[in-house]
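Below is one structure, written out as structure tokens; the observations come after it.
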Amino acid sequence: MIQHFLLNRRKWRMRMDDRTLKLLLLQNYQLLERLDPDKAELYQQYKEILREGIVYDYSTMFDELPREEDCIPFEISEEVIEIVHMFIHIGKSIRVSHYEMKVPYYFLGFNHHDDDEWHHARYAEHYLRRLDEQQDLDLTSYHLRTEKKSYLSSYRDMLKVYHPYQYDDYLTYEVLESILNCYTHK
């Protein structure tokens with residue numbers, strides 16, 4: 001008897017959570033309807049779907065959001081930021097120390113068509129748009145190349161060499177050479 005009561009309470013709590021979320025969505029759509037008159041009719045439809053509990057149409061409210069498998073995982077975003085900042089550090093070290101490098105040292109991006117890199121490519125585009133233009137990152141080659149090759153494994157190899165020196169103000173010529181030797185341009 002007590003187990004049955006607890007089970008029903010758990011179900012009710014889950015329903016309350018669902019109802020609370022629906023209420024919050026409903027309130028958001030009411031606000032959006034006032035704030036964005038161009039889409040007011042759409043928000044009215046969403047409110048009706050929620051009020052009427054038309055589960056079949058719930059998915060229409062989320063059409064603008066990516067599917068779960070299309071979302072960029074946190075770890076990938078972190079890795080892209082780490083790679084970009086490594087290239088910024090490389091560029092700053094070369095510029096300040098006036099090194100003449102024998103190998104290219106510019107960031108070329110990621111391959112959109114590679115199953116292992118397309119999340120990286122999407123996040124890199126997003127991140128680079130937000131990045132401060134004052135950074136020592138030469139993106140000329142990145143923007144000029146329409147077809148990006150797969151460099152993720154090279155970037156990861158570079159990071160392994162780079163990690164012990166990432167907090168140094170400037171990288172020495174020898175360290176730069178070691179890092180850039182992992183960078184295979186195809």
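A few notes on this one:
- Of all residues making up the stretch 74-106, the number that are within 24 Å of Thr146 (Cβ to Cβ) and at pLDDT below 90: 4
- Beta carbons closer than 8 Å, at least 6 apart along the sequence or on distinct chains, never pair a first residue in the stretch 22-41 that is in contact (Cβ under 8 Å) with a residue 40 or more places away in the chain and on the phi > 0 side of the Ramachandran plot with a second that is among the polar types (S, T, N, Q) and part of a helix (DSSP H, G or I).
- Matching residues in the stretch 72-119 - criterion: being of a type in the set (Gly, Ala, Ser) and outside any loop (DSSP other than H, G, I, E, B): Ser77, Gly91, Ser93, Ser97
- Residue list for the stretch 42-72, filter: under 30 Å from Glu117 (Cα atoms), of a type outside the set (Lys, Arg) and free of Cβ contacts under 8 Å to residues at least 24 places away in the same chain: Ser59, Thr60, Phe62, Asp63, Glu64, Leu65, Pro66, Glu68, Glu69, Asp70, Cys71
- The residue list Tyr155, Tyr99 contains one member that is touching a Cys at 6+ places or on another chain (Cβ under 9 Å) and in contact (Cβ under 8 Å) with a residue 40 or more places away in the chain, which is Tyr155.
- Subset of the stretch 129-158 (residues that are of a type in the set (A, V, I, L, M), outside any loop (DSSP other than H, G, I, E, B) and either within 25 Å of Ser97 (Cβ to Cβ) or at pLDDT 90 or above (or both)): Leu152, Met158
- Filtered by the rule that a residue be acidic (Asp, Glu) and loosely packed, with under 15 Cβ neighbours inside 10 Å, the stretch 83-122 gives Glu100, Asp115, Asp116.
The values are calculated or read from the model by the stated rules, or taken from the named source; none is laboratory data. Computed from a prediction, not measured in an experiment: that's the story for all the values here. Note: ideal-geometry Cβ built from the backbone for every residue, glycine included; neighbour counts use all protein chains shown.
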